[in-house]
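In what follows, a structure is listed as structure tokens, so that the remarks can point back to it.
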Ligand code: FES
């Protein structure tokens, strides 16, 4: 299981380039994995228009990674983020609106867009 604590040494430092905004569908998502020794940090980004948000890839219900397949975080209609574990649905801002963790939120992974590129913040 991915570790998501703030002190996780695998968490990339601010300013780490992740991808170009143009690499993401609109709306679209992409997952990222970083390793440091035996530790893993998993996060993903969600594009909605020109806005890009980042979240730790850990469902508030059981802590599992959300996607069963790489980069497939959205429902087929791309209106929600889906947890493959038990089917929780999240708005694109990270709020859970259906499933076992309704009312909870995905943990933010701060990112910022500079000159069309997405960086950790
Ligand atoms: S682990 Fe996500 S809904 Fe259960």
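Read-outs: derived from the displayed coordinates by stated rules, not from any lab. From a predicted model like this one, the values you see are computed outputs, not experimental measurements. Here the Cβ is made from the backbone with ideal geometry for all residues, glycine too, and neighbour counts use every protein chain on show.
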- Query: So for 38, 58, fewest C-beta neighbours within 10 Å to most, what's the order?
  - Reply: 38, 58
- Cα-based equivalent ellipsoid of the chain: semi-axis lengths in Å, sorted from largest, via gyration tensor: 21, 19, 11
- Exposure proxy check: 23, 57 ranked by fewest other beta carbons within 10 Å? 23, 57
- Between region 88-121 and region 1-80, what is the C-alpha centre distance in whole Å? 9 Å
- Pair residue 26, residue 7: separation of 7 Å Cα→Cβ label points (nm): 4.2 nm
- When a footprinting reagent is the concern and you count Cβ atoms within 10 Å, what order do 97, 21, 52 take, fewest first? 97, 21, 52
